[in-house]
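Student: Dropping the structure in here first, questions after.
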Amino acid sequence: AQSVSQHNHHVILSEAASLELGCNYSYGGTVNLFWYVQYPGQHLQLLLKYFSGDPLVKGIKGFEAEFIKSKFSFNLRKPSVQWSDTAEYFCAVNWGNNNDMRFGAGTRLTVKP
Amino acid sequence: DAGVTQSPTHLIKTRGQQVTLRCSPKSGHDTVCWYQQALGQGPQFIFQYYEEEERQRGNFPDRFSGHQFPNYSSELNVNALLLGDSALYLCASSLDRMNTEAFFGQGTRLTVV
């Protein structure tokens, strides 16, 4: 079955540390890839997306993600996190023309000031 | 410009009852998706509505049904509620069926007792 895996349930970092959150998906073929963020008490917001082209995608707030097709991965990175990045991060995937966007279970990021 | 609005924000129902949740999409958006997010999990796709028709459906029983109105707003109906239906129900709207950029509402927290 098509699925999305996020390896880390909870990540705790100090401010200025580098961040990498893992995301893997099952099955190859054409995929559309997304990272969403949910700040405490707020709705899900799109951080970045990949549909085609340059596999290194830059999003808002200094986040970026790299699509590695051979590894079925779309990891999220940020060189230096801030306390305000404390949130839950969700990876999501659409396969081909399927409009069913599958989400991972999410990774809770806590950034200590 | 209002984003995606959902009502009510919280709801408590008894097993066996029926519930209707409502969603107004972001202005100009004609596609609406509904998701169920259980505690500690990522959102799970229920179905997508476009041009007042259900276009795609996730792995949910027929107890879950929906509707889209000519003004693009949408309802999610759940019949014969089970305890396991307790979750946050999210509505997302987009300009296209591929969810190129989906905007999420704050959700409706449904508790079934």
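Student: Under 4.7 Å Cβ to Cβ, no partner at all: give me those cysteines from the protein assembly as shown, in residue order.
Tutor: B:CYS33
Student: Show me you know the interface measure: the accessible area buried between A and B, both chains summed, probe 1.4 Å, in Å² to the nearest 100.
Tutor: Summing both sides, the interface buries roughly 1700 Å².
Student: Another question about this same structure. Would you tell me the mean number of C-beta atoms belonging to other protein chains that fall within 10 Å of each C-beta in A:99-108, as a whole number?
Tutor: Neighbouring Cβ atoms belonging to other protein chains average 6 per residue here.
Student: For peptide B:41-48, how many partner chain Cβ atoms fall within 10 Å of a residue's Cβ, on average?
Tutor: 6
Student: Report Rg(Cα)/(2.2 N^0.38 Å) for the protein assembly as shown, keeping two decimals.
Tutor: 1.01
Student: Sticking with this one: Taking just the C-alpha trace of the stretch B:5-112, give me its Rg and Dmax in Å.
Tutor: My reading of the Cα-based Rg and Dmax gives 12.8, 37 Å.
Student: Across peptide A:38-46, what mean number of C-beta atoms from other chains lies inside 10 Å of a residue's C-beta?
Tutor: Mean number of neighbouring Cβ atoms from other chains: 4.
Student: Suppose we keep just the alpha-carbon trace of chain A; what are its Rg and Dmax in angstrom?
Tutor: 13.5, 43
Student: Oh, and also: Need one number: nm distance between label points at B:THR100 and B:SER65, each 7 Å from Cα along Cα→Cβ, rounded to one decimal.
Tutor: 3.4
Student: Could I ask something else about it? What accessible area per residue comes out for the stretch A:4-112, rounded to a whole number of Å², with a 1.4 Å probe?
Tutor: Value returned for the stretch A:4-112: 45 Å² of accessible area per residue.
Student: At a Förster distance of 25 Å, what's the computed FRET efficiency of B:ALA80 paired with A:ALA1, Cβ-Cβ distance as r, to 0.05?
Tutor: For R0 = 25 Å, the calculated efficiency reads 0.45.
Student: Given a Förster radius of 25 Å and the C-beta distance between B:ARG22 and A:ALA105 as r, what FRET efficiency does 1/(1 + (r/R0)^6) yield to the nearest 0.05?
Tutor: 0.35
The values are calculated or read from the model by the stated rules, or taken from the named source; none is laboratory data. From a predicted model like this one, the values you see are computed outputs, not experimental measurements. Positions of Cβ are generated from backbone atoms using ideal geometry, with glycine treated the same way; all protein chains shown enter the neighbour counts. For the accessible areas, the whole protein counts, side chains as well, though only heavy atoms, and no ligand, DNA or RNA atoms are used. Shrake-Rupley method; radii C 1.70, N 1.55, O 1.52, S 1.80 Å.
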